[in-house]
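Peer 1: Pasting a structure below so you can have a look.
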Amino acid sequence: MNKIFKYSIIIVATILVIFLSLDIQKLDRVRTLNDVTEVNADTFALNFWERELPGSISAAPDVNRLLRLLKTNPSKAFDEYSKQLGISHTYYFMLKGSGKILSVEDEYIVLETDEKMKVQIATAFIFGNTVRDASGKVDIDDFLNMTSFNNVSIAINKLVKARVVEGLKTLARPGIFLQFAGAIEMTDGDMNPDAVTIIPVSINLIDGNTK
Amino acid sequence: MVFLFTFPGGCHNKVPEQKTDKIAVVISTLNNPWFVVLGESAADRAIELGYEAQIFDSQNNSAKEAEHFDNIIAMGYKAILFNPTDADGSVLNVKRAKDAGIPTFCMDREINSRDAAATQLLSDSFTGCVKLGQYFVQTMNKKGNYVEILGLVGDNNTWNRSKGFHSVVDEFPELKMVAQQSADFDRNKAMDVMENIMQANADIDAVFCGNDAMAMGAYQAVMAAGKADKIKIFGFDGADDAIKGIAEGKITATVMQFPVLMAQKSAELADQYIKGKRDFKTKTPVEVVLVTSENVSKYFPAK
């Protein structure tokens, strides 16, 4: 009798442990939890490049005006032209202009603008979120997580390399004139408008040979 | 079993007499000084704002975290300042709290949901590791063999850091990753992992670790093997010992996060929520800073 009582207790205790270990939820709630549409980064970037970026380029300030303002009144430059992401001291800008290639280096070309300012146009180290965040066209709230949001930057940078940088590296020669649009970042308290490196998003040779 | 860590003074002599609303601070683990700072800063700020605050240690255990949420919901807390254990696994806990009318504010670690949390304040790990990756490439002169030691595989920060780093380094074919293993953000595990990797790979030039605790563990292994002068160590967090390590030439670089800022801001957002504000951004990235021998003086000896 004692044995039957003892085994009964053990069985009841085992059932209790198993029951308490289970977390039973409604299936539709679990489905809702997992039913998250991931953004396809390459598709998103292509759409951004063809439909959103032209508007950002169109609204971008002239390179000479922006650099002058960054030197003389950075607060005004930040207020009027920059975009920021979250809590940050980094400001992102779109800009555009024209100039003459002074030299072609391994990782950038040196350009003299039509107002005799020198800037660099990157032809390597095309990384990070500069174009995405300078455009102001990609909202973090549209993404499930930071990984998806950052995948868009990787995809945009791939387009920069494939659609702009490759052609630029092939054709760039000292003395050539070109029009450009691109993105830069500046960190408040640690910026140097005299040494700006632009991530290019559009390059047109002045002679009409467009790339 | 519920493990409850009471913030020193949080429930006793520091409780304001007139206002007794409670805010819970749920931290993934208090076995790492970085998270202790995060939790204590959040609790401190909540107390300054007039709340009672309690810290719950999930001990990197999602079941324990779920128990904490059960208790928090039952005990009528007004808000949760939350550092999750798992980007997917923690979503349900946050949803349960939301259903019970308790808003959750994620700190540092992300959950994979657009609408479960009131908002999420997150270090911009990807951008930080893009900067770290660029410095890595320059320091390595674009070639060499390296090891990557990952954090918790269920944590989005692990992959955002790895992805940011690889988005740069993978562009340079002469930089070869000879081993990639997880050490769960744990110093001792990282030391073991690094010892094993060095036994299998004699020719290693650098190690990229997903946090500074692991970087310090990797450094211990490298130093014990007599290779401290050859193998460069890169971390992430801006922990005091890593910053000191950079100043002393033991660690090559890290990325400084700002846990105090994230924690305090999260407490302030919770206070705003309790007072009626609802229009929060889903996520707010917090900028991080690359720290190397060139700028370490800004952060050493004390942040």
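The values are calculated or read from the model by the stated rules, or taken from the named source; none is laboratory data. Small disclaimer: the values here were computed from a predicted structure and weren't measured. Quick reminder, even Gly has a Cβ in these numbers, built from the backbone with ideal geometry, and neighbours come from all protein chains shown. The protein model used for the area step is the full one, side chains on, heavy atoms only, and it has no ligands, DNA or RNA in it. Shrake-Rupley method; radii C 1.70, N 1.55, O 1.52, S 1.80 Å.
Peer 1: Among the residues of region B:150-165, are any within 14 Å of chain A (Cβ to nearest Cβ), closer than 17 Å to B:G128 by Cα, more than 21 Å from the chain's Cα centre (by Cα) and modelled with pLDDT of 95 or more?
Peer 2: no
Peer 1: Enumerate the pairs (first residue in region A:67-86 and farther than 16 Å from A:G182 by Cα; second residue anywhere and surrounded by 20 or more Cβ atoms within 10 Å (Cβ to Cβ) and among the small types (G, A, S)) with beta-carbon separation below 7 Å, excluding pairs fewer than 6 apart on the same chain, so at least 6 apart or on different chains.
Peer 2: If the second residue must be surrounded by 20 or more Cβ atoms within 10 Å (Cβ to Cβ) and among the small types (G, A, S), the pairs left are A:L69/A:A77; A:L70/A:A77.
Peer 1: Only one of B:A239, B:A183 is at pLDDT 95 or above, crowded, with 21+ Cβ neighbours inside 10 Å and away from chain A (no Cβ under 14 Å). Can you tell me which?
Peer 2: None of the others qualify; the one that does is B:A183.
Peer 1: If you don't mind, another one. Look at region A:81-92 and say how many of its residues are within 11 Å of chain B (Cβ to nearest Cβ) and more than 14 Å from the chain's Cα centre (by Cα).
Peer 2: 3
Peer 1: Name the residues in region A:98-119 that are in a loop (DSSP other than H, G, I, E, B) and away from chain B (no Cβ under 14 Å), would you?
Peer 2: Quick first cut of region A:98-119, residues in a loop (DSSP other than H, G, I, E, B) only: A:105-107, A:114-117.
Scanning region A:98-119 gives A:E105, A:D114, A:E115, A:K116, A:M117.
Peer 1: When you scan region B:197-206, do you find a residue that is buried (at least 23 other Cβ atoms within 10 Å of the Cβ) and out of contact with any Cys (no Cβ under 9 Å at 6 or more places or on another chain), even just one?
Peer 2: The answer is no, given that none of the residues of region B:197-206 is buried (at least 23 other Cβ atoms within 10 Å of the Cβ) and out of contact with any Cys (no Cβ under 9 Å at 6 or more places or on another chain).
Peer 1: Spot the failing condition for B:D108; the list is (1) within 11 Å of chain A (Cβ to nearest Cβ); (2) of a type in the set (D, E, K, R); (3) open to solvent by less than 10 Å² (accessible area, probe 1.4 Å), and only one is missed.
Peer 2: Unmet for B:D108, out of (1) within 11 Å of chain A (Cβ to nearest Cβ); (2) of a type in the set (D, E, K, R); (3) open to solvent by less than 10 Å² (accessible area, probe 1.4 Å): (1).
Peer 1: Can you tell me how many residues in region B:130-160 are over 21 Å from B:N196 (Cα atoms) and either open to solvent by 10 Å² or more (accessible area, probe 1.4 Å) or of a type in the set (G, A, S) (or both)?
Peer 2: The total comes to 13.
Peer 1: Is it the case that some residue within region B:271-285 is open to solvent by 40 Å² or more (accessible area, probe 1.4 Å), of a type in the set (F, W, Y), at negative phi and more than 14 Å from every other protein chain (Cβ to nearest Cβ)?
Peer 2: yes
Peer 1: Let me ask something else about it. Which residues, counting only those in region A:149-168, are among the small types (G, A, S) and open to solvent by less than 10 Å² (accessible area, probe 1.4 Å)?
Peer 2: Residues satisfying the conditions are A:S153, A:A155.
Peer 1: Is region B:19-26 home to any residue that is modelled with pLDDT under 90, open to solvent by 40 Å² or more (accessible area, probe 1.4 Å) and in contact with a helix residue (DSSP H, G or I) (Cβ under 6 Å, 6 or more places away or on another chain)?
Peer 2: no
Peer 1: Residues in region B:79-94 that are more than 14 Å from chain A (Cβ to nearest Cβ), more than 10 Å from B:G154 (Cα to Cα) and not small (G, A, S): how many?
Peer 2: First, pick out the residues of region B:79-94 that are more than 14 Å from chain A (Cβ to nearest Cβ): B:79-83, B:85.
Restricting the remaining residues to those that are more than 10 Å from B:G154 (Cα to Cα) gives B:79-83.
Now drop any that are not not small (G, A, S), which leaves B:80-83.
The total comes to 4.
Peer 1: What tally of residues in region A:90-136 results from selecting those that are open to solvent by less than 20 Å² (accessible area, probe 1.4 Å) and either farther than 23 Å from B:V289 by Cα or out of contact with any helix residue (DSSP H, G or I) (no Cβ under 6 Å at 6 or more places or on another chain) (or both)?
Peer 2: Within region A:90-136, residues that are open to solvent by less than 20 Å² (accessible area, probe 1.4 Å) and either farther than 23 Å from B:V289 by Cα or out of contact with any helix residue (DSSP H, G or I) (no Cβ under 6 Å at 6 or more places or on another chain) (or both) number 15.
Peer 1: All but one of (1) in contact with a strand residue (DSSP E or B) (Cβ under 6 Å, 6 or more places away or on another chain); (2) without any contact (Cβ under 8 Å) to a residue 60 or more places away in the chain; (3) not in a helix (DSSP H, G or I) hold for A:D133; state the number of the condition that does not hold.
Peer 2: A:D133 satisfies all of (1) in contact with a strand residue (DSSP E or B) (Cβ under 6 Å, 6 or more places away or on another chain); (2) without any contact (Cβ under 8 Å) to a residue 60 or more places away in the chain; (3) not in a helix (DSSP H, G or I) except (3).
Peer 1: Report the residue count in region B:248-263 for those that are open to solvent by 10 Å² or more (accessible area, probe 1.4 Å), hydrophobic (A, V, I, L, M, F, W, C) and touching a residue at least 60 places away in the same chain (Cβ under 8 Å).
Peer 2: 2
Peer 1: I want to confirm something. Restricting to region A:180-202 and keeping residues that are modelled with pLDDT of 95 or more and more than 30 Å from B:S123 (Cβ to Cβ), which single residue is surrounded by the most Cβ atoms within 10 Å (Cβ to Cβ)?
Peer 2: A:F180
Peer 1: Still on this structure, please answer the following. From the list A:L95, A:L144, which one is in a loop (DSSP other than H, G, I, E, B) and either within 23 Å of A:D190 (Cβ to Cβ) or within 13 Å of chain B (Cβ to nearest Cβ) (or both)? It would help to see each step written out before you state the result.
Peer 2: Numbers: A:L95 fails: in a loop (DSSP other than H, G, I, E, B).
Result: A:L144 is the single residue among A:L95, A:L144 that is in a loop (DSSP other than H, G, I, E, B) and either within 23 Å of A:D190 (Cβ to Cβ) or within 13 Å of chain B (Cβ to nearest Cβ) (or both).
Peer 1: Within region B:219-236, can you find the residues that are within 21 Å of B:N141 (Cα to Cα) and surrounded by fewer than 18 Cβ atoms within 10 Å (Cβ to Cβ)?
Peer 2: Hits for region B:219-236 are B:K227, B:A228, B:D229, B:K230.
Peer 1: Also: Would you mind telling me which numbered condition in (1) assigned to a helix (DSSP H, G or I); (2) at pLDDT 95 or above; (3) within 14 Å of chain A (Cβ to nearest Cβ) B:L38 fails?
Peer 2: (3)
Peer 1: Checking B:S125 against (1) modelled with pLDDT of 95 or more; (2) at the interface with chain A (Cβ under 10 Å from one of its Cβ atoms); (3) under 15 Å from the mean Cα position of the chain (by Cα), which test does it fail?
Peer 2: (1)
Peer 1: Criterion first (within 14 Å of another protein chain (Cβ to nearest Cβ), open to solvent by less than 10 Å² (accessible area, probe 1.4 Å) and polar (S, T, N, Q)) does B:Q120 satisfy it?
Peer 2: Taking the combined requirement at face value, the residue satisfies it.
Peer 1: Here's a follow-up. Name the pairs whose Cβ atoms lie under 8 Å apart, with the first residue in region B:89-112 and acidic (D, E), the second part of a helix (DSSP H, G or I), and 6 or more positions between them or separate chains?
Peer 2: Here the result reads B:D108/B:L38; B:D108/B:N157; B:D108/B:P259; B:D108/B:M262; B:E110/A:M146; B:E110/B:N156; B:E110/B:N157, each pair linking region B:89-112 to a residue that is part of a helix (DSSP H, G or I).
Peer 1: Could I ask something else about it? For B:K78, state whether it is touching a helix residue (DSSP H, G or I) at 6+ places or on another chain (Cβ under 6 Å) and within 22 Å of B:L49 (Cβ to Cβ).
Peer 2: Judged against the criteria, B:K78 is a match.
Peer 1: Continuing with this model, one more query. Here are the criteria: (1) under 30 Å from B:L261 (Cβ atoms); (2) open to solvent by less than 40 Å² (accessible area, probe 1.4 Å); (3) out of contact with any helix residue (DSSP H, G or I) (no Cβ under 7 Å at 6 or more places or on another chain). Tell me which single one A:V63 does not satisfy.
Peer 2: So A:V63 meets the others, but not (1).
Peer 1: Another question, if that's okay. Identify all residues within region B:56-83 that are touching a residue at least 60 places away in the same chain (Cβ under 8 Å) and assigned to a loop (DSSP other than H, G, I, E, B); write none if there are none.
Peer 2: B:N60, B:K78
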